[in-house]
Amino acid sequence: MTRLSPGALRILALLLVLVLVAAFFATQIDNYLNARLFNRISSSVAIVALIATGQTLVILTRNIDLSLGSVVGFVAYATGAIVSAAPEIHPVLLALAALAIGAGFGLLNGLLVAYAGIPSIITTLAAMAIYRSALVEFSGAQSITTEDLPQWLVDFPNTQLFTLAGVQFRAAFVAAVVIVILVHLALLRLRPARALYAVGSNPEAAEMAGIDARRTVLAAFVAAGALAGLAGLFFLARFGNITVVAGLGFELKSIAAAVLGGVSINGGSGSVIGALIGAVLVDLIENSLVRWELVSEFWREAVLGFLILSAVSADALLMRRLTRLRIRREKAAPAPTPKEATS
Amino acid sequence: MTRALGPWETFLLAVLVLVYAANAWLSPEFLTLQNQVNLFQLSIEKIIIALVMAFVIINAEIDLSVGSMMGLSACAFAAMVGEAGLPAALACLLCLGIGLAGGVLNGWFVARMGLPSLVVTLSTLIGFRGVARILLEDRSIGRFPDWFNALGQRGLIGPVPLGLLSFVLLFVLLYVVLERGGFGRKTYVIGVSREVAEFAGLNTARHKILIFMASGLVAAYAGLLFAARVGAVRGDVGQGFELDIITMVLLGGVSIFGGSGTLTGVGLAILIVLSLRNGMSLMNVTGHIQTGVVGLLLIASVLVPRLGARLAGRVPA
Amino acid sequence: MAVPVLALRDVSKSFGATQALSGMTLELFPGEVHAVVGENGAGKSTMIKIMTGVHEPTSGTVEVDGQPVTLSGPRGARTRGISAIYQEPMVFPDLDVAENIFISATDLGLVQRKGLLREKASQLIARIGMGLDPDRVASGLTLAEQQAVEIARALSQDVRVLIMDEPTASLSAHEAGELRRIAKGLAAEGVAVVYISHRLEEIFDIAHRVTVIRDGRHISTRPIAEVTPDGMIAEMVGREVGNYFRKDESHATPEVLLSVRGLSQEDVYEGVSFDIHRGEVLCMAGLIGARRTDVALSLFGIHPATGGTIHWKGQEVRIASPREAMALGLAYVSEDRRKLGLAMPLSIRSNVTLATLGKVLTRWGLLREGRERAVTQGYRERLNIRMADADTPVGKLSGGNQQKVMLAKWLETNPALLIFDEPTRGIDVGAKAEVHDLIRQFVRAGGAALVISSDLPEVLALGDRILVMREGRQMGIVPHEDASQEAIMRLATGQERAAA
Amino acid sequence: ATLALAQAKTIEPGQDSGGMVLLPKFLGILVFEQAHEGAQEAHDELQDKGELQFLGPTPENSVAGQIEIMTTAGTQGVGAVMLSNNAGDQIVPAAQAAAQAGTKVVTWDSPIPNGEGESVFVAQVDFEQTGRVMADMAYDIMGGEGQFAILSASPDAANQNAWIASLEKVLGEDEKYANLEMVETVYGNDQSEESYNRALALVDSHPDLKLIMAPTTVGIQAAAKAMQDEGLCEQVKVSGLGLPAEMVSYTLNGCAPQFALWDFRDLGYLTTYVAYGLATGQLTGEVGEQFTAGRMGDYTIEADPGREGARRVLMGPFTVYNKDNVEAAAK
Ligand SMILES: Nc1ncnc2c1ncn2[C@@H]1O[C@H](COP(=O)(O)OP(=O)(O)OP(=O)(O)O)[C@@H](O)[C@H]1O
Ligand SMILES: Nc1ncnc2c1ncn2[C@@H]1O[C@H](COP(=O)(O)OP(=O)(O)OP(=O)(O)O)[C@@H](O)[C@H]1O
Ligand SMILES: [Mg+2]
Ligand SMILES: [Mg+2]
């Protein structure tokens, strides 16, 4: 593989932006580039990355899921309720329950979008409100607290699987990254998963080419719901204290991560690795801003908005540059000879 | 009006009549003049912005920053009047200027840099809010001039306050512009395909920037209305309003992909949402149930006509 | 006689008030190439969409191997071995060529093997006789290349019935010939091929039987031997159309309207030099990828040239945007009406007045609907556009009528120089003659036209001079007197280069 | 503080308040649910002929929602609205309109900052005292010296701001706290996730930090969890206002050795007595008026020292929880 695909280029551009951002803050903040930074970012990215991955699957099909934040909240609460009721439950069973509840919500969304033909933004805008209302009803204003949870669950996110030079690889982060990579590989290599790209790229053509576009969209929503469900369980484990506002705003965060990560909002292109990097980028900027002494508490949001805009612009400009470079290189290399020329 | 209502608008009208009838039946207070005015006043900022948001979405863009722009404008007003001691009228003008400038910023990044509006306005959603925070920090500023508060809280013409009047006038103006004017036509064309419009010699970048400017301007105006209505301003003014606004526009039949929808539909959707919420409030239905019901309405309103059409055999499978 | 592999029995289809097909009956037998001809809007595409399950018939039945079936969507049709290549190419812009071809193949297993895919794609592409890199992303493909991808996709699976809806509309003579060769080969292997085309010479080259439809009705089905071109045309349009491809004398005046010298764009094309006189039709011929469209896009200010000069009426000009081009008096009728030409969901009248909105506005910027309708009505009569009314969305018109609406849009700008990119793609013979007449009238009235066309008979019938391009280079300009299909092909394929 | 000039009024049960609305900041939060239980208890005790409604907005829509519910309550002419104000002064026009329509506006938990439109505020504790209680806890935990930071809810929460202001005042005035240095205030918006990350960021930016003071139940819990997860409990302690049920394990393991709170059930109970009294006309709301609030005993309406011209009923006092009493309270 001598030449870079557009997807690889995009990830390269993103990584460059990431490095630029880190380098910038390293000049501003003492003791910045160290293992602790990695530990901080990695722990909080673990949850967003899962949601952003699900969001990416949906966006790839030219849809959007605004209900993921509510799903995270609901599942966090529901799994919390399950373990407090049955503390002896096997971890795998609990994870399956989280996946299943999330997938259930995803199924509902997917059926409405794919089979009833309601635009996804409307469906999930409504679902966002409905699921959160359901959570308020279901919880009866009772919070889940760490006291209700078994120790293994509370310990899970911070269990150190291995440590490299002070850089800790914690269970939740490693699990999330493994899942992201698995989804990435599936998207790259599994033929049924490629249908997501086809459907998002040109829904009409997909239908004409004999792809079951509806089932594909449904599958994307179910997968997104399941991933959000899992994120809900991670949320529960990490924060312990679950109230009705749990997961509020995650839908926008996940969209921001995906779009920053180069997932086209019009469907058909992008990768979950990109979304992961997008999530890291947002988190890195947020986290660093809090530690940047030059900006006081009340300046942070303004600077954050400005930085995100700059990062997106830088990424767009870099991407154009790199694409042009690539085309140059292709031109320079001997192109495959067209058939007519030999006739 | 020469044109008959489209099928979607007819459907919305039917729903509206139903909601009004049910409310009037169930609650004696519903049809009182005061309640009818309150019904609009309580969401007046959102519905005014929704009218312009219809343009933005028909143009195949989105503006998530309107709530933050509202906040920014209100906070700037409070800072100017409450802290810097500027005359309120001058401050109002300056705030509208801020709205225009914010719109130019959004529009420039979208139309000239070619970034997706979702990303740009998501950033300015954070950024504008941030500037609002810088201005007021954790303070809350009130005690505006009486004439200013009166504009937000009392009737201007009879019981009709400035906000409601603005909404009606803006609706008429924008209706004409969108459905009868050349600007509206361009909005649709660019919304359908920016390339087609560009190839036909339309200045699509300028058009988009104009629309974002209008959006910023109206959001800033709404921020001032809010300040006058509640008489005090904090950094969180308008927070989260964007979702409600977009909901109303989509319920009005505007396609999120751009190129279709009418202002009539948006107007009807606004009335439906407001009267439904108001009716539920009068019946002491609590917040999250209200939100859930509006959510269900949103789904049902798209689902029902589709099912109806399928039963009538018009839409194949 | 054998059982037809696919048959329509008394099929009707209506869209709301429009009756697209009524009582259509058609039988397809293995091994035949069955041509279907008819005017724009006759119902050909609709018929095909019924054969492939995209539309459900309002009444009547579809039979496969003599059994009535419900196809339930293109997937159902595919599993029965019915594949189609649609009039508007259906590619996935974000996927590469190889994946585009095999995206819905069912026999490639669960895991995608890139190498295998690329190899199989190369084979298929070679079989079609196209030079196309399987790794290219489809968004960069020309229409012709997209068409090739579709054909390859249809061939990637076992087919029993292959339906081709104007497959050669965007191909030049060379590729079109290749494609017909493939279609014939498939028929010889026992596939039933349905072939729709507005190019009559193709029909006589390839078809075994011809069905004529008009206004959604079946008119006749005959073996090709019993058909004459004039007879067929008469059946299609319901009247005689004489001499539809006739070169009229030149109206060129000495006045040079546009003069281009050494025009080039880095990495795309270079050294393009020509003059266009008032009253002249200059045609541009070439194979796919000759970069004719790119030259036109430069002239129209979409992708400004990076080198060379442009003189307009003797003045040197720089054209940096379509607005500037239009202000000079240029108009560009795009080859890709779907993406660049028309706002499909909008009404016919809003498309007609799209480039001249200022003309139908009042001082207050309000639309004068009456004026707009009148303008649209004028073009409807002048161009013979078939439509229910001016408020119909353009997307609901048949392909040919869409093309006419696009022409109307640009004629309304009252340009001095009209650049036509494939002006008659997908237009029926009657309409083609009308468009040719329009172009002639236009230059006779003092305009000038630059016509990019891959249809050699058209180039010969229209062009006062013919500029031939090949792979971004100008190969020569041939005066009409010296032009022949062979001469142009020699230049276009690079076997010869004329003195500039 | 007030002398028993007059006999405390006994509030007569069995009258019609005209309906009462308990309006929390938003629904779905435990402390508000507890306040509701207390209110219900008082309502039952009082045999109010009017209904008690527990109506709240959604968290995303808190400000606009509170204004809407207040306005509607005025339209309906209910007897009293009991408001835990989240809208700051922005609620004033709505509250004034309701008051004009004859509805009594009683605030609890969080008052209307400028006091307009409000009949009386039922204060859980003395806001001036809150600063001292927090300063004392900080002094105890930090051993009298060092840096600490504040993790608040949002910059718009009036009660939080008042408490932080009073803490700053106490620190500035009293020599005892001269060696306590307050380095920063950050906001976690009452969301676990944000509060958690903010707490960690505080530790990262202030290497010598000894304490995080979080005057919010969500914030204190998230901060304690964060310190525990990162093994920082030895280095950085957590204190503030918290619910015993949520804090018990952190108190026992030393992450949050002390924290304080009041009883929200009692707050809801007392508020309902006041609102019922006002709505039925048994209380006038004048300064100096004394009344008996059922099981909670006698209270006096007094001028609010923190808000000029406003009146309050002070419930008090704080309970400071530590490892000795937290387990019992958590039950
Ligand atoms: N989806 C649709 N909705 C409404 N009318 C339609 C639709 N599709 C086709 N029609 C109408 O049906 C008629 C037949 O159209 P069709 O596309 O089948 O023509 P065609 O013979 O393929 O023409 P062309 O040669 O121009 O491609 C036309 O009048 C067209 O406007
Ligand atoms: N090899 C190629 N790689 C990428 N894009 C191409 C290539 N060839 C053509 N294109 C693009 O396709 C469009 C049309 O191309 P071009 O001008 O080469 O074709 P043409 O000679 O007009 O042929 P046709 O008659 O089929 O349009 C242009 O936008 C051009 O940029
Ligand atoms: Mg057709
Ligand atoms: Mg071309």
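Structure notes:
- Close pairs (9 angstrom Cβ cut-off, 6 or more residues apart or separate chains): on the phi > 0 side of the Ramachandran plot in the range B:14-30, surrounded by 14 or more Cβ atoms within 10 Å (Cβ to Cβ) anywhere: none
- C:Lys313 meets all of the listed conditions (1) within 13 Å of ligand 2 (Cβ to nearest atom); (2) surrounded by fewer than 18 Cβ atoms within 10 Å (Cβ to Cβ) but one, namely (1).
- Restricting the range B:287-303 to residues that are buried (at least 22 other Cβ atoms within 10 Å of the Cβ) and closer than 15 Å to D:Leu55 by Cα, the residue that is farthest from the other protein chains (Cβ to nearest Cβ): B:Gln290
- Only residues that are at pLDDT 90 or above and assigned to a loop (DSSP other than H, G, I, E, B) were counted across the range A:152-201, and they come to 0.
- Filtered by the rule that a residue be in a loop (DSSP other than H, G, I, E, B), within 13 Å of ligand 4 (Cβ to nearest atom) and either more than 14 Å from chain B (Cβ to nearest Cβ) or in contact with an Asp or Glu (Cβ under 8 Å, 6 or more places away or on another chain) (or both), the range C:288-301 gives C:Ile288, C:Gly289, C:Ala290, C:Arg291.
- Whichever residue in the range C:258-292 is closer than 19 Å to C:Ala448 by Cβ and within 14 Å of ligand 2 (Cβ to nearest atom) and, among such residues, is surrounded by the most Cβ atoms within 10 Å (Cβ to Cβ): C:Ala285
- Condition check for A:Ala237: within 14 Å of chain D (Cβ to nearest Cβ), under 17 Å from the mean Cα position of the chain (by Cα) and crowded, with 24+ Cβ neighbours inside 10 Å: no
- Failed criterion for C:Gln147 (all others in (1) within 16 Å of ligand 1 (Cβ to nearest atom); (2) assigned to a loop (DSSP other than H, G, I, E, B) hold): (2)
- Matching option when the condition is modelled with pLDDT of 90 or more and more than 11 Å from ligand 1 (Cβ to nearest atom), among C:Asp391, C:Asp437: C:Asp391
- Elements of the type helices (runs of 4 or more DSSP H) sitting completely within the range D:1-105 and holding at least 1 residues that are within 14 Å of chain A (Cβ to nearest Cβ): these cover D:30-46, D:62-76.
- Scanning the range C:120-128 for residues that are within 16 Å of ligand 2 (Cβ to nearest atom), crowded, with 17+ Cβ neighbours inside 10 Å, in contact (Cβ under 8 Å) with a residue 24 or more places away in the chain and in the same structural domain as C:Phe29 (by TED's automatic domain parsing) turns up at least one hit.
- Residues (of a type in the set (Lys, Arg) and in a helix (DSSP H, G or I)) located in the range C:316-348: C:Arg323, C:Arg337, C:Arg338, C:Lys339
- Test: residue in the range B:98-114 that is part of a loop (DSSP other than H, G, I, E, B) and either modelled with pLDDT under 95 or more than 11 Å from every other protein chain (Cβ to nearest Cβ) (or both): yes
- Number of the exception - C:Gly378 against (1) at pLDDT below 90; (2) surrounded by fewer than 23 Cβ atoms within 10 Å (Cβ to Cβ): (1)
- Yes/no for C:Arg75 being within 12 Å of another protein chain (Cβ to nearest Cβ), more than 16 Å from ligand 4 (Cβ to nearest atom) and more than 27 Å from the chain's Cα centre (by Cα): no
- The lone exception for C:Asp336 - which of (1) over 26 Å from the mean Cα position of the chain (by Cα); (2) outside the structural domain of C:Gly463 (by TED's automatic domain parsing) it fails: (1)
- Taking the numbered list (1) among the hydrophobic types (A, V, I, L, M, F, W, C); (2) within 14 Å of chain A (Cβ to nearest Cβ); (3) surrounded by 18 or more Cβ atoms within 10 Å (Cβ to Cβ) in turn, D:Ala245 passes all entries but (3).
- Residues that are farther than 14 Å from A:Ile211 by Cβ and either of a type in the set (Val, Ile, Thr) or more than 7 Å from chain A (Cβ to nearest Cβ) (or both), drawn from the range C:93-108: C:Asp96, C:Val97, C:Ala98, C:Asp107
The values are calculated or read from the model by the stated rules, or taken from the named source; none is laboratory data. These numbers were taken from a predicted model, which means no experiment stands behind them. Cβ: placed from backbone, ideal geometry, glycine included. Neighbour counts: every protein chain shown.
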